[in-house]
Amino acid sequence: MKKTLLFCSTALFLATSCVDSLDTYNVDPKSATKVLSVTLVSNAERSLARTVASTNVNLNPFRLFVQYWAQTTYFDESIYNITTRPIPGTFWTALYRDVLADLRESRKIIAADQLISSGVRANQNAIVEVLEVYTWSTLVNTFGNVPYSKALDITNAQPSYDDAATIYNDLIVRLDAAIAQMDNTAGSGAFEKGDLLYKGDMDAWKMFANSLKLRFALTLADANSTKASQMAGQAAAGVFTSNSENAQVNFLSTAPNTNPVWEDLIQSGRYDFVGANTFINRLNTLNDPRRNDYFKLAANGTYRGGVYGTNNSYASYSAPGVKLEDPTMPGVLLSYSEVEFLLAEAVERGYTAVGGTAAAHYENAVTASILEWGGTTAEAATYLAQPTVAYATATGTYKQKIGVQKWIALYGQPVDSWREYRRLDSPTLTAPTGALSALPLRFTYPIVEQNLNGANYSAASAAIGGDQVTTKIFWDKF
């Protein structure tokens, strides 16, 4: 036994004495040593879709802001308390850290990849660019001035803030460049498997990019109508033409890739939300065929909304519908229905280059939404034939007509619905009794920015007219 031990010790000594360091022994052979760019893009797409689709009140309270839902036990967010829990900071972090940082790193890996052609590299960069432009615009639409040109630099922990309008102008230039470099004949390499939106199909990405450009155009319309008209005319021929082209992430039935709405409504075991009377009353008045998709019947057999801005008995009102309890429900970034509403508005604003009539685009938009939620063309036709819905006879200006129907259609896109409500000033929504402010027009800056980036925070707050929820984003003119 003693001889055996001596042999083993000697053998171990001889083996280790030939190694300069122990680094080679600290490598897990089952773990990746390099990150592929497409995996970062996949994660960014997933994070972006989860952020804009979520109903987690610590992240995305916008279904409450636009009064789709009311709350049961707790109703802080319905009275616009967004600071007790640092909601703005959570939304900010989700987009900067979980989306933009991944996209920025993926761009570095694409640049260093010597095994792809120049055409594939251009297409991959174009995909990353469109996703970045979308995410930056969401930050601007939510906060106003934000760190942009100096952001995401690990050597600069206190980035300055850029002017929101200036950021928008730069994003438009970047979007145009991305559209110009897309070439479906070149392919997109690994993105054909890892891209969660379009599997690297550059024709589909070009439609998404043009649809996003149309959204930019109409968002700017009240601030710069000349530029908006030019952009809308350039984009219109290349936008979505059916629901099958929607920019969306199709979630899975198993964790961790389920729709976050299912996680909040079902997996959590909580009963925090019912439909708001503001929204359900309008659906009832219009005999909207999406009621049974958006909500369940209340105990009394009707679609009944809870009182917005206070606590409500879950059992007494209409809960969110069964479709929202599906873990595979897509997270939509931009829809065909939204595009058609934008085209209708463009026609009304005199942007004739987009083609068609406002009424036809409006009808296409409403029909697309009803079909998207599982309805039929017959239901859409019946709905549109009502004098209260038909474009020629519905009450109000074009902004009011489009605004109300767009509010209804964007039920699954709460971040977009909040933007369009602020932009079109329709429907008319009022803050509930006991609200801490008027209905928010922006998020205040995160507390961490005040604490760790104080000088730049103060300068940005002064530049926008005050870090208040009632301070308007630059494009919100009315």
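The values are calculated or read from the model by the stated rules, or taken from the named source; none is laboratory data. All values reported here derive from a predicted model rather than from experimental measurement. Positions of Cβ are generated from backbone atoms using ideal geometry, with glycine treated the same way; all protein chains shown enter the neighbour counts. Keep in mind that these areas ignore ligands, DNA and RNA; they rest on the heavy atoms of the full protein, side chains included. Shrake-Rupley method; radii C 1.70, N 1.55, O 1.52, S 1.80 Å.
Among the conditions (1) open to solvent by 40 Å² or more (accessible area, probe 1.4 Å); (2) outside any helix (DSSP H, G or I); (3) of a type in the set (S, T, N, Q); (4) in contact (Cβ under 8 Å) with a residue 24 or more places away in the chain, the only one that T302 does not satisfy is (4). I'm trying to understand the selection: among the residues of the range 436-478, which are among the hydroxyl-bearing types (S, T, Y) and in a loop (DSSP other than H, G, I, E, B)? Once the filter is applied, which keeps residues that are among the hydroxyl-bearing types (S, T, Y) and in a loop (DSSP other than H, G, I, E, B), the range 436-478 yields S437, T444, Y445, T470, T471. Meeting the requirement of 1 or more residues that are open to solvent by 80 Å² or more (accessible area, probe 1.4 Å) and either touching a strand residue (DSSP E or B) at 6+ places or on another chain (Cβ under 9 Å) or at pLDDT below 95 (or both), the helices (runs of 4 or more DSSP H) wholly within the range 1-97 are 2-16.
Every condition in (1) free of Cβ contacts under 8 Å to residues at least 24 places away in the same chain; (2) open to solvent by less than 10 Å² (accessible area, probe 1.4 Å) is met by V347 except one, and the failing one is (2).
For the range 145-167, a residue qualifies if it is surrounded by 22 or more Cβ atoms within 10 Å (Cβ to Cβ) and either out of contact with any Phe, Trp or Tyr (no Cβ under 7 Å at 6 or more places or on another chain) or free of Cβ contacts under 8 Å to residues at least 12 places away in the same chain (or both), and exactly one does: Y161. Checking each residue in the range 408-440 for being among the small types (G, A, S) and at negative phi picks out A409, G412, S417, S426, A431, A435, S437, A438. If you check S244, S253 for being in a helix (DSSP H, G or I) and farther than 22 Å from Y317 by Cβ, only one passes: S244.
Taken over the range 168-184, the criterion of being open to solvent by 10 Å² or more (accessible area, probe 1.4 Å) and of a type in the set (G, A, S) is satisfied by A177, A180.
Output the residues belonging to the range 360-391 that are assigned to a helix (DSSP H, G or I), closer than 23 Å to L324 by Cα and small (G, A, S). A365, A368, S369, A380 - these are the residues of the range 360-391 that are assigned to a helix (DSSP H, G or I), closer than 23 Å to L324 by Cα and small (G, A, S).
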